[in-house]
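Inspection log for the structure reproduced underneath, given as structure tokens.
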Amino acid sequence: MRTLWLSPVFYMDKDGDFAAEAWWSLYYDRTAFGVFLDLYSDDVGSAIAEVLAES
């Protein structure tokens, strides 16, 4: 992850269902939280692409 405050967790069950979550530990600030969501979205997309490339 590219930031200290973004800690993603990815799950995939035996059926191939995928889930992802992240922890936001800072106070709420609209701009900072927007950056968090953008980074999270980019990183989830990268993780999915990596798994698909390995399949």
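The values are calculated or read from the model by the stated rules, or taken from the named source; none is laboratory data. Keep in mind the model is a prediction, meaning the values are calculated, not measured. Counting neighbours? That spans all protein chains shown, and the Cβs are built from the backbone with ideal geometry, glycine included.
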**Request:** Only residues that are among the β-branched types (Val, Ile, Thr) and at pLDDT below 90: list them for region 26-38, please.
**Result:** VAL35
**Asked** surrounded by 10 or more Cβ atoms within 10 Å (Cβ to Cβ), outside any helix (DSSP H, G or I) and not acidic (Asp, Glu), is that true of LEU26?
**Response** yes
**Matching residues, region 8-25, being more than 20 Å from ALA49 (Cβ to Cβ) and at pLDDT below 80** = SER25
